[in-house]
Structures are given as C-alpha cells and as structure tokens.
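Enquirer: Mind looking over this structure? Questions follow.
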Amino acid sequence: MCSLAGWSFHSCDTQQASKMKRRFSVEEARDMVMQPATSSELLDSSSESETTSEEECDVEFVVESDPSSSDPSAETAEETEDSGSGWTSKNGEIWSPSNNDTLRYIPAARGLVPGPTRYAITIIDDVESSFNLFFTAEIISSIVDMTNLQGGRSVANWSDVDATDIRAYIGLLILAGVYKSKGESTRSLWDDHSGRAIFRATMTHTKFRLMNTTLRFDDKLMRPSRHREDKLAPIRSLWEKWTHRLPMLFNPGEDVCVDEQLVPFRGRCKFRQYIPSKPAKYGLKIWVTADVETSYAWKCQIYTGKAAGSAAEVGQGKRVVLEMTEGLQGITVTCDNFFTSYALVQELLKRKVALVGTIRRNKPELPSKLLQVRQRAALSSLFGFTKNTTAVSYIPKRGRNVLLLSSKHRDPAVTEEEKRKPVIIADYNHCKGAVDNLDKVVGSYSCRRMTHRWPQVLFHNMIDVSAFNAFVLFTAVDPSWKQAKSFRRRLFLEELGRSLVSAKIMRRKHPPRTPAAVTIVADIQASAAAPDTGTIASGSAPDTGTTASTKKRGLCWMCTGKKRKSATTCIRCEKFTCREHQIPCCRFCWMN
C-alpha cells in the first residue's frame with residue numbers, strides 16, 4: 001500500500017500494481033480530494049509514510065486533463081512564451097513580431113526650404129559667380145601667398161603670381177577635364193597640332209608647369225611643428241575654409257546620404273586607405289553627406305586614420321554620422337552597414353532625425369529570429385518592431401538574407417512588385433546612391449592630374465566637387481539655362497573654364513604663336529573692349545581691326561556657300577565677319 005496526499009490505494013498483486021498506471025479524470029480527482037479520510041486510514045498512512053519512499057509506490061498517479069475543462073490562463077501563458085522566444089536580443093533589447101505597440105512616425109518641422117540659400121541666390125549672377133562662392137577671394141588669396149612664398153624660395157628669378165593667375169590655372173584644369181585630358185601630358189595639351197588653342201591662348205606651357213610645381217597651401221617651414229599633431233597640416237587651413245562654405249550655400253531636402261568617397265592616390269601618405277570594393281582601391285578616404293535629390297556635397301570630412309600608438313576607435317560609424325548630420329532635423333539619413341546600429345538610431349531620434357540603413361548580422365541588438373535563414377522561402381520578409389524602430393530580414397534567394405534597420409518605417413509594408421521587397425529596402429535603394437552618383441559625375445569630367453603630392457590631389461578633388469556644386473546651385477537659380485540640352489553639365493564646365501581664363505587672356509601683352517590661339521586672344525580682348533566704348537577711340541584700339549556687337553548677330557558677308565553667323569563687325573565698314581575672315585593686327589599697325 002502507498003499513501004499519496006491523504007489517499008489510500010490497495011493493490012492485490014504488488015508486481016502487477018507496480019506496472020499498472022491508473023488515470024483519473026479531473027472530476028474524479030476532485031471528488032477524491034474532497035472526501036475526508038477515516039481515522040484508520042490516516043493512521044495507516046502516517047505510519048507507512050515513514051518507511052516507504054516515493055520510488056517504492058505501487059501505483060503511479062496521473063491526472064488526465066479534460067479538454068472541455070482546460071484552463072484558458074495556462075494556454076495564454078504558453079502562447080506568450082512561444083511568441084516571445086527568439087525575439088530578445090543578446091543585449092536584452094525586446095522585439096516583437098507585431099507593430100501594435102510601435103509609435104507612429106511623425107517627422108519634425110524643418111524650417112528650411114530645400115535648395116540654394118538666400119545668400120547664394122543673391123550672389124549668383126552667372127556661371128563664374130556660382131563657382132566663386134566656393135573658391136572665394138580669401139581662399140584664392142591664401143593660395144597666392146603660399147605659392148609666391150614657395151616660388152621665391154625654390155625658383156630663381158621668380159615672378160609673383162596673383163589671383164588672376166591662380167584662377168586661370170584652375171580654369172585650365174577644368175577645361176582639361178572637360179576635354180577628357182586628365183591623363184594626357186601637359187606637353188600634348190600645349191602642342192601646336194594635337195593640343196587645344198585655349199591653353200596656348202591663356203599662358204605658356206613653361207608658366208603652367210612652374211605654377212603646378214610651386215603650388216602650395218601652407219608655409220612649409222612652419223609645418224613640422226603642426227604636423228606632429230595634425231596629419232592634415234599641409235592643407236588644413238584651405239580645407240577648413242572650403243568645407244565651411246558648403247552648408248552655407250545649400251539646404252538639403254528630406255533625404256540625405258552619408259557614405260565614403262575614395263579619392264584615387266597611390267603615392268606616399270600616412271592616412272592612405274585600401275578599400276577593395278572601390279574601383280581605385282587605394283586613395284584618400286573622405287566622409288561625405290550628400291543631398292539625395294541633387295547629390296550636392298553638403299559636408300565633407302577627411303579620414304586621417306587612428307592616432308599613432310592608440311587602439312582602434314570603437315563606434316566610429318556612429319560618431320561619423322552624428323558629426324556629418326549635425327545641424328539637421330526633420331530629415332532621413334541613409335547609410336550602409338558600416339554606420340548603422342541601434343544606438344545610432346536612438347541618438348538620431350533625439351535630434352529629430354530618422355535613419356534607414358543596412359545592418360550587420362553580428363550586432364548584439366538584433367533578435368535571433370531575424371537571423372534565421374533556414375526553412376524560409378525565397379522573397380519572404382520577417383519584421384521585428386520596438387517602440388520606435390523597425391527591423392526587417394528579407395530573403396532575396398534561399399540561404400541568404402538582407403537585414404535593414406529603420407526608424408522612419410513603422411509597419412510591415414511590402415511593395416507590389418514581383419520580388420515583393422519591403423518598402424524599407426525600396427527607400428534604401430532610392431537614397432543610397434547619392435554619394436556614389438557624386439563620385440560618378442565628378443569622375444566623368446575630373447580635373448585630376450598625375451602628381452605625387454597628396455595635398456594637390458585633395459585640391460583637385462575640391463575643384464571637382466565645387467564645380468559640380470556650383471552647377472547644382474546655378475541650375476536651381478536659373479532652371480531655363482540650356483534646358484533643352486542633354487549635356488548641360490559639360491556646357492557649364494566649359495563655360496566656367498573659359499570664364500576663369502578670360503581675365504588672364506585679356507591682359508596678355510604678347511600674342512601666342514599659333515593662329516588659332518591668336519584668334520581666341522583677339523576675340524576675348526575685342527569683346528571686352530567693345531561694351532566699354534562702343535567705338536574705337538584713338539590710342540585705345542584692340543589687337544584686331546574688329547569690334548564685337550553684343551546686340552545682334554549677322555551672316556558673314558565674306559563667306560561663300562554656307563553662311564556663318566557672327567557677332568563681330570568690322571570697325572570701318574561695320575559688316576559682320578566670322579573668325580575665318582578676321583585678320584589679327586597689332587596696335588602699331590592699326591594706328592598707322
């Protein structure tokens with residue numbers, strides 16, 4: 001006999017009873033519990049319980065539940081346990097497969113009108129004025145001072161350069177990029193037959209090479225003391241003045257992108273980077289914040305590597321994004337998995353900025369449910385939600401998933417296209433290419449030249465980015481400019497280059513040797529003199545016997561067959577003449 005909870009069960013055969021399993025329903029068990037035991041049974045039970053262990057019981061007592069009388073609270077607890085399993089991350093963050101408790105996203109008020117600022121709109125008058133907003137008179141003056149300082153130290157009989165010379169030098173670099181000649185030698189550009197006449201018309205090849213050699217942005221003798229603390233000392237002053245101008249001239253739209261730009265360079269530099277995913281692979285890395293709609297470079301920051309003797313920086317991606325978006329609110333930042341983290345999302349939300357980005361699967365804030373790939377169908381999506389963040393795991397093909405994090409999207413929305421991508425991925429794909437597009441358009445007409453000096457490489461990149469930003473500003477102020485043309489940017493750069501070199505050409509005293517270059521010099525000098533006087537006065541004649549009329553254009557009276565239009569007229573007969581029928585003349589011959 002075995003006593004159990006005040007009950008007595010008797011078995012005839014001990015061996016058979018040990019193998020027997022009796023089952024009672026809930027009602028039978030309740031009745032047995034409620035029946036009082038007799039005094040003799042209680043006595044037997046108390047005496048035998050001291051000598052009989054639980055393993056020696058003859059009968060195993062099992063209560064069989066009745067499905068009709070099951071406890072609903074137990075089922076709810078079991079469902080809660082199943083639904084919560086796998087949705088708690090390693091760092092304790094609790095996620096949910098439902099967005100019932102997720103707050104609705106309401107973007108903050110920006111208070112800024114996207115596009116050029118009022119300051120930029122008031123200054124921009126033509127193509128050159130938009131570029132001068134970035135390379136201001138102060139920046140040009142500092143380049144002039146440092147270049148003359150280096151030239152006086154290293155070149156015998158050095159002739160000082162001025163702002164006109166530096167702007168003409170920049171203009172020639174831009175024109176070389178327009179003509180796809182960045183890899184061509186300068187000797188070829190100045191060649192009589194294979195070169196371009198505009199280069200000879202602006203300055204001699206010797207002058208250009210001399211300026212290219214002596215171009216400096218700081219005092220070299222003062223550099224060692226600064227270089228111990230600042231790796232960017234050779235160009236720090238110029239870089240800070242230039243980057244300070246970028247956010248002053250343009251307000252980004254609702255979406256911005258933070259990404260890295262690699263400026264190609266294989267020379268010696270302490271902070272040169274190797275990025276195998278980039279086309280150039282070796283170069284100088286720059287963090288860039290770009291407007292998604294226009295690819296305007298709103299903020300730039302050079303990565304100079306870790307300090308000597310220090311450990312690798314922890315949370316570098318978070319720091320970079322916070323610094324590159326400082327001063328913005330009511331926008332959405334898009335970045336890749338190098339930057340994205342749950343901590344960054346929460347910090348940006350405090351600044352009223354949303355984030356959309358891919359995230360690495362080794363992040364401790366992700367629940368294990370989102371990391372599972374097995375037994376999941378292709379083109380399927382699994383969402384996880386917190387109070388203000390959404391994570392999604394998308395299976396583009398079996399055995400592989402893509403993880404994204406967003407504080408802008410708060411529901412499990414999926415596109416209606418064939419691949420059924422989540423809306424988070426669609427928005428990410430739309431906004432992620434802003435910096436990549438900036439690299440593409442800058443590289444198509446780049447003014448970069450072969451050099452072993454990394455400060456000059458950064459200077460060339462500054463010119464490229466400034467020229468593209470100037471194009472964005474100018475076309476925003478004057479949308480009708482060359483609107484019918486499909487190559488507006490090339491026309492903009494060509495006009496910008498010619499505008500920068502025109503001041504140098506106008507004051508040129510000695511004409512170049514080639515006839516084409518002479519014609520360019522004559523046209524520019526004549527067009528500059530005509531609006532001031534209208535007619536040629538004695539003692540102030542230009543180098544040719546023609547003057548330009550800015551009012552109208554006419555057919556050349558000397559052309560036979562196909563007539564050419566020209567705005568230049570003869571100063572004596574006042575008939576229109578094209579370039580082919582214009583004869584350059586020196587001042588002495590014209591006076592006589």
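The values are calculated or read from the model by the stated rules, or taken from the named source; none is laboratory data. Nothing here was measured: the structure is a model prediction, and the numbers come from that model. Here the Cβ is made from the backbone with ideal geometry for all residues, glycine too, and neighbour counts use every protein chain on show. The area values use the complete protein model at the heavy-atom level, side chains included, leaving out ligands, DNA and RNA. Shrake-Rupley method; radii C 1.70, N 1.55, O 1.52, S 1.80 Å.
Listed here are the residues, each with its yes/no results for (1) touching a Pro at 6+ places or on another chain (Cβ under 8 Å); (2) open to solvent by 60 Å² or more (accessible area, probe 1.4 Å).
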| position | (1), (2) |
| --- | --- |
| Ala201 | yes, no |
| Met211 | no, no |
| Met222 | no, yes |
| Arg236 | no, yes |
| His244 | no, yes |
| Asp255 | no, no |
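Enquirer: Go over the candidates Ser141, Ser194, Ser129 one by one and state the one that is over 23 Å from His452 (Cα atoms), free of Cβ contacts under 8 Å to residues at least 12 places away in the same chain and not in a loop (DSSP other than H, G, I, E, B).
Expert: None of the others qualify; the one that does is Ser129.
Enquirer: A further question follows. Does the stretch 293-300 contain at least one residue that is aromatic (Phe, Trp, Tyr) and either surrounded by fewer than 17 Cβ atoms within 10 Å (Cβ to Cβ) or in the same structural domain as Val465 (by the TED database) (or both)?
Expert: No, every residue in the stretch 293-300 fails to be aromatic (Phe, Trp, Tyr) and either surrounded by fewer than 17 Cβ atoms within 10 Å (Cβ to Cβ) or in the same structural domain as Val465 (by the TED database) (or both).
Enquirer: Which pairs do you get when a residue that is closer than 17 Å to Trp287 by Cβ, found in the stretch 225-244, comes within reach of a residue that is open to solvent by 60 Å² or more (accessible area, probe 1.4 Å) and of a type outside the set (Val, Ile, Thr), reach meaning Cβ atoms under 8 angstrom, with the pair 6+ apart or on two chains?
Expert: Lys231/Lys270; Arg236/Arg226
Enquirer: Can you find a residue in the stretch 477-491 that is among the aromatic types (Phe, Trp, Tyr) and buried (at least 22 other Cβ atoms within 10 Å of the Cβ)?
Expert: No, the stretch 477-491 has no match at all.
Enquirer: Continuing with this model, one more query. Take the stretch 438-462 and flag every residue that is in a helix (DSSP H, G or I) and either small (Gly, Ala, Ser) or over 18 Å from the mean Cα position of the chain (by Cα) (or both).
Expert: Matches in the stretch 438-462: Gly443, Ser444, Trp454, Pro455, Gln456, Val457, Phe459, His460.
Enquirer: All but one of (1) surrounded by fewer than 16 Cβ atoms within 10 Å (Cβ to Cβ); (2) under 30 Å from Pro107 (Cα atoms) hold for Ala311; state the number of the condition that does not hold.
Expert: Here Ala311 clears every test but (2).
Enquirer: I'd like the full set of residues that are without any contact (Cβ under 8 Å) to a residue 24 or more places away in the chain and farther than 21 Å from Ser444 by Cβ, limited to the stretch 159-184.
Expert: The answer is Ser159, Asp160, Asp162.
Enquirer: Looking at (1) farther than 26 Å from Trp95 by Cα; (2) of a type in the set (Asp, Glu); (3) at pLDDT 95 or above, find the lone condition where Glu417 falls short.
Expert: It is condition (3) that Glu417 fails.
Enquirer: Could you tell me how many of the residues in the stretch 560-592 are open to solvent by 80 Å² or more (accessible area, probe 1.4 Å), in a loop (DSSP other than H, G, I, E, B) and either modelled with pLDDT under 75 or of a type in the set (Gly, Ala, Ser) (or both)?
Expert: Final tally of qualifying residues: 8.
Enquirer: Going by what's in this entry, would Val457 be described as crowded, with 17+ Cβ neighbours inside 10 Å, touching a residue at least 12 places away in the same chain (Cβ under 8 Å), over 30 Å from Leu344 (Cβ atoms) and of a type in the set (Val, Ile, Thr)?
Expert: Against the criterion (crowded, with 17+ Cβ neighbours inside 10 Å, touching a residue at least 12 places away in the same chain (Cβ under 8 Å), over 30 Å from Leu344 (Cβ atoms) and of a type in the set (Val, Ile, Thr)), Val457 qualifies.
Enquirer: Here's another thing I want to ask about it. Which members of the stretch 104-125 meet the condition of being in a loop (DSSP other than H, G, I, E, B) and surrounded by fewer than 14 Cβ atoms within 10 Å (Cβ to Cβ)?
Expert: Matches in the stretch 104-125: Arg104, Ile106, Ala108, Ala109, Gly111, Val113, Asp125.
Enquirer: Does Leu322 meet the test of being open to solvent by less than 10 Å² (accessible area, probe 1.4 Å), out of contact with any Ser or Thr (no Cβ under 9 Å at 6 or more places or on another chain) and under 30 Å from Pro247 (Cβ atoms)?
Expert: Criteria not met by Leu322.
Enquirer: Hey, any hits in the stretch 139-148 for a residue that's open to solvent by 50 Å² or more (accessible area, probe 1.4 Å) and farther than 30 Å from Ala476 by Cα?
Expert: Yes: one or more hits.
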